[in-house]
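Shown next, in structure tokens, is the structure this report addresses.
The values are calculated or read from the model by the stated rules, or taken from the named source; none is laboratory data. Remember, it's a predicted structure, so these values are computed and weren't measured experimentally. So basically every Cβ, Gly included, is an ideal-geometry build from the backbone, and we count neighbours across all protein chains shown. SASA here: full protein model, heavy atoms, side chains in, ligands and nucleic acids out. Shrake-Rupley method; radii C 1.70, N 1.55, O 1.52, S 1.80 Å.
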Amino acid sequence: MAGNLRGRHFLKLLDFTSAEINDLLTLSATLKNNKRAGVRGHTLDGKSIALIFEKPSTRTRCAFTVACIDEGAHPEYLGKGDIQLGKKETVADTARVLGRMFDGIEFRGFSHETVEILAEYAGVPVWNGLTDEWHPTQILADLLTVQEEFGRLNGLALAYVGDGRNNMANSLMVGCAKVGMDVRIVAPESLHPDQGLVAQVEEIAAATGGSVTVTASVEEGVAGAHAIYADVWASMGEEDQIASRIELLKPYKVTQKMMEQTGRNDAIFLHCLPAFHNHETVLAKQYPDICEVEDEVFEGPQARAFDEAENRLHTIKAVMVATLGN
Ligand code: CP
């Protein structure tokens, strides 16, 4: 490892160097190979891990749970309503209690400040499983998937198309810039990312050989892209905005035509999931026009969303092993 990550929190990728992120990807690949070869790890033997979830989750919850079990730890799910966090007791007090009992804490929730307070007071590593601002473990899985596909990250172009100011856009900008990629945020102007963050990412990119572009033009944004990335049009907690987002983001739906606009036969489609790609879910039936990617792409040969989903396990395991493992 470029640096010893033992004891570190994992709250956002801005806190990590390019070398540390690349090392986490290398460790993820090793752990993935081990798992596929049937080699069990013991780096977290005897440890207990708290998994706090204010918001629902399939991939993140299951990845943390299985990663704990694979490496010998006990995962304890603490769902919304199960604990006092911020209701009858301050976040700082809950952090101090959990830190006396658990060896590591995962948090998924709304406010990024909550995970920062947990990290400040727990006395054990705290990992961000998604906040309104950042989703750093997702980006490790995305980068591993791109690396597996193209054999490298440096110099590759990734176009994120959709809501340009959500946690995925923020985190992708930082993560891709850190590893020297050409990252494009393709979104209507009203959903462009925070200018201050873009300036920060430009500085990172200048140091790594990467670049960042923010544009409302699909044609400009996807030209030459090795990967097109989509997320849902309204994030968790924004359900009341679904109708307006549909109107705003309809022109940004990922279609086969958009994949062809990359000009690359080897371009791949990425999605953090869950995805609206057909009309079979409860919400999709309620909003027939909600669909950030057409089924032809989602189910097509260029799609890698389920490779990404699997890679959540290996990359989350790498974060826990690097920060807490023996
Ligand atoms: N991508 C992602 O975070 O999935 P979940 O919401 O299912 O955890």
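Observations
- Every residue from the range 38-52 that is open to solvent by less than 20 Å² (accessible area, probe 1.4 Å), under 21 Å from A95 (Cα atoms) and assigned to a loop (DSSP other than H, G, I, E, B): L44
- Just one of the numbered conditions (1) surrounded by fewer than 22 Cβ atoms within 10 Å (Cβ to Cβ); (2) of a type in the set (D, E, K, R); (3) more than 16 Å from the ligand (Cβ to nearest atom) is not true of K55: (3).
- Selected residue (criterion: surrounded by the fewest Cβ atoms within 10 Å (Cβ to Cβ)) from residues of the range 1-37 that are among the polar types (S, T, N, Q) and touching a helix residue (DSSP H, G or I) at 6+ places or on another chain (Cβ under 6 Å): S18
- Matching helices (runs of 4 or more DSSP H) fully within the range 268-324 where at least 3 residues are within 19 Å of the chain's Cα centre (by Cα): 305-324
- Within the range 206-225, residues that are within 19 Å of V179 (Cβ to Cβ) reach partners that are open to solvent by less than 50 Å² (accessible area, probe 1.4 Å) and acidic (D, E) with beta carbons closer than 9 Å, at six or more positions or on different chains, in the pairs G210/D182; S211/D182; V212/D182; T213/D182; G224/D182; A225/D182.
- One residue stands out in the range 272-326 among those that are among the basic types (K, R) and surrounded by fewer than 24 Cβ atoms within 10 Å (Cβ to Cβ): the one that is nearest to Q241 (Cα to Cα), namely K285.
- Residue within the range 238-247 that is farther than 21 Å from L191 by Cα and buried (at least 19 other Cβ atoms within 10 Å of the Cβ) present: no
- Filtered residues of the range 144-169 (kept if on the phi < 0 side of the Ramachandran plot, within 16 Å of the ligand (Cβ to nearest atom), in contact with a helix residue (DSSP H, G or I) (Cβ under 6 Å, 6 or more places away or on another chain) and of a type outside the set (V, I, T)): L144, Y160, D163
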